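Enquirer: This is the structure, below, for whatever I ask next.
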């Protein structure tokens with residue numbers, strides 16, 4: 001019994017020491033970026049609200065979702081939440097007024113179509129996924145306006161979209177810890193194929209399925225935010241592995257060379273002991289972390305949302321982070 005207790009205690013000590021070493025390694029990672037302040041010009045008629053997503057199109061313009069000059073589009077039907085900026089940060093156009101309650105994720109597919117999720121709803125709008133043409137024409141709608149649910153025809157709180165090379169559509173659903181928390185798969189024409197997941201912390205379960213990305217192998221990465229992990233699946237929903245080293249992930253982006261960028265804008269000592277907010281940069285093939293852009297530390301007890309929420313990385317390695325609290329898109333460039 002003595003030896004059993006000894007080895008168990010030793011194992012705990014070794015595991016704790018390893019965990020501390022990993023945290024110290026992450027904190028010590030070189031930061032090769034600096035922030036380019038105020039790169040985006042103001043809108044012509046008003047200030048931005050909470051900015052949740054950003055994505056670049058093939059022409060080099062940047063598309064953003066924000067919440068109608070506030071943190072919700074309720075009672076703001078004459079305000080557009082989708083905006084386009086050119087590469088210099090100059091506003092180009094806006095659209096989407098009267099269509100959304102709480103715009104969340106944005107994604108642009110290989111054909112240049114823009115996908116936007118609405119993660120909340122009222123009795124007329126919300127709980128939907130929209131596919132737009134670059135001119136703002138609605139090409140497809142998934143979900144029923146104003147009706148939340150966990151069946152194939154409804155969403156509880158859709159957060160993001162990713163379209164696979166074969167055209168299959170993946171949607172993460174479940175912005176609240178006790179909501180549907182699943183991933184849904186549709187054909188290219190919007191026909192439901194399958195879904196997987198429920199609320200929980202076991203493999204294949206989620207607590208706030210918040211963002212989606214796909215690597216060069218076709219593996220689907222899910223930011224399982226309130227479980228402080230990334231879960232990885234094949235495209236049939238088979239669980240492959242999970243990574244806890246990237247903090248409390250809100251935003252994901254994977255480049256063509258399988259460099260993964262992960263934003264953590266919510267870690268506190270209460271929800272992720274030892275975690276540090278910032279952007280972690282690593283290798284999507286094995287999960288190793290190579291660089292870290294830290295957020296300035298908060299005062300003790302401060303639980304505000306800070307730092308990038310949604311992420312995009314362009315071909316120059318420049319990082320664009322949609323910041324809900326700061327109500328802007330932050331730009332980080334290599335030193």
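Enquirer: Picking from 310, 274, 287, which residue would you name as being surrounded by fewer than 16 Cβ atoms within 10 Å (Cβ to Cβ), touching a residue at least 24 places away in the same chain (Cβ under 8 Å) and either within 25 Å of residue 71 (Cβ to Cβ) or in the same structural domain as residue 234 (by TED's automatic domain parsing) (or both)? Break it down into steps so the answer makes sense when it comes.
Expert: Values: 310 fails: surrounded by fewer than 16 Cβ atoms within 10 Å (Cβ to Cβ); 287 fails: surrounded by fewer than 16 Cβ atoms within 10 Å (Cβ to Cβ).
Going through 310, 274, 287 in turn, the sole match is 274.
Enquirer: Please enumerate the residues belonging to segment 190-210 that are touching a residue at least 12 places away in the same chain (Cβ under 8 Å) and within 18 Å of residue 167 (Cα to Cα).
Expert: 190, 192, 193, 194, 195
Enquirer: What are the pairs with Cβ atoms under 6 angstrom where one residue, in segment 19-44, is outside any loop (DSSP other than H, G, I, E, B) and the other, located anywhere, is surrounded by 11 or more Cβ atoms within 10 Å (Cβ to Cβ) and modelled with pLDDT of 95 or more? Sequence gap at least six, or different chains.
Expert: 26/289; 26/292; 33/293; 33/332; 35/332; 36/331; 36/333
Enquirer: Among the residues in segment 317-325, are any more than 15 Å from the chain's Cα centre (by Cα), crowded, with 17+ Cβ neighbours inside 10 Å and part of a strand (DSSP E or B)?
Expert: no
Enquirer: Can you work out which of the residues in segment 89-113 that are in contact (Cβ under 8 Å) with a residue 40 or more places away in the chain and part of a loop (DSSP other than H, G, I, E, B) is surrounded by the most Cβ atoms within 10 Å (Cβ to Cβ)?
Expert: Per the criteria, the residue is 96.
Enquirer: Something else about it: Report yes if residue 147 is under 26 Å from residue 226 (Cβ atoms) and surrounded by 20 or more Cβ atoms within 10 Å (Cβ to Cβ), otherwise no. Give the steps one after another, and end with the answer.
Expert: Numbers: under 26 Å from residue 226 (Cβ atoms): yes; surrounded by 20 or more Cβ atoms within 10 Å (Cβ to Cβ): no.
So residue 147 fails the test.
Enquirer: Answer yes or no as to whether residue 178 is surrounded by fewer than 17 Cβ atoms within 10 Å (Cβ to Cβ), at pLDDT below 95 and touching a strand residue (DSSP E or B) at 6+ places or on another chain (Cβ under 8 Å). Please lay out each step first, then the result.
Expert: Numbers: surrounded by fewer than 17 Cβ atoms within 10 Å (Cβ to Cβ): yes; at pLDDT below 95: yes; touching a strand residue (DSSP E or B) at 6+ places or on another chain (Cβ under 8 Å): yes.
When the stated conditions are applied, residue 178 passes them.
Enquirer: Are any residues in segment 51-81 farther than 17 Å from residue 330 by Cα and either in contact with a strand residue (DSSP E or B) (Cβ under 6 Å, 6 or more places away or on another chain) or outside the structural domain of residue 330 (by TED's automatic domain parsing) (or both), and if so, which ones?
Expert: Within segment 51-81, 57, 80, 81 meet the criteria.
Enquirer: Out of the residues in segment 193-223 that are crowded, with 21+ Cβ neighbours inside 10 Å and more than 18 Å from residue 107 (Cα to Cα), state the one that is nearest to the chain's Cα centre (by Cα). Walk me through how you get there before you give the answer.
Expert: Taking segment 193-223 first, the residues crowded, with 21+ Cβ neighbours inside 10 Å are 197, 206, 208-213, 220-223.
Now restrict to residues that are more than 18 Å from residue 107 (Cα to Cα): 197, 206, 208.
Details: 197: 18, 206: 14, 208: 11 Å.
Among residues in segment 193-223 that are crowded, with 21+ Cβ neighbours inside 10 Å and more than 18 Å from residue 107 (Cα to Cα), the one nearest to the chain's Cα centre (by Cα) is 208.
Enquirer: Still on this model: Just checking, which of 259, 255, 268 is over 13 Å from the mean Cα position of the chain (by Cα) and either at pLDDT below 95 or not assigned by TED's automatic domain parsing to the domain that holds residue 104 (or both)? If you could, list the steps in order and put the result at the bottom.
Expert: Details: 259 fails: either at pLDDT below 95 or not assigned by TED's automatic domain parsing to the domain that holds residue 104 (or both); 255 fails: either at pLDDT below 95 or not assigned by TED's automatic domain parsing to the domain that holds residue 104 (or both).
From the options 259, 255, 268, the qualifying one is 268.
Enquirer: If you don't mind, there's one more thing I want to ask. With respect to residue 298, is the statement that it is more than 25 Å from residue 203 (Cβ to Cβ), assigned to a loop (DSSP other than H, G, I, E, B) and touching a strand residue (DSSP E or B) at 6+ places or on another chain (Cβ under 9 Å) true?
Expert: It is false that residue 298 is more than 25 Å from residue 203 (Cβ to Cβ), assigned to a loop (DSSP other than H, G, I, E, B) and touching a strand residue (DSSP E or B) at 6+ places or on another chain (Cβ under 9 Å).
Enquirer: Turning to a different aspect of this structure: Condition check: under 20 Å from residue 30 (Cβ atoms), in a loop (DSSP other than H, G, I, E, B) and over 14 Å from the mean Cα position of the chain (by Cα). Does residue 276 satisfy that?
Expert: On the way: under 20 Å from residue 30 (Cβ atoms): yes; in a loop (DSSP other than H, G, I, E, B): yes; over 14 Å from the mean Cα position of the chain (by Cα): yes.
So residue 276 fits the description; yes.
Enquirer: Sticking with this one: Could you go through segment 225-237 and let me know if any residue there is farther than 27 Å from residue 279 by Cα, assigned to a strand (DSSP E or B) and assigned by TED's automatic domain parsing to the domain that holds residue 309.
Expert: no
The values are calculated or read from the model by the stated rules, or taken from the named source; none is laboratory data. If you're wondering where the values come from, they're calculated on a predicted model, not measured in any experiment. A quick note on method: Cβ atoms are made from the backbone with ideal geometry, for glycine too, and the neighbour counts reach across all protein chains shown.
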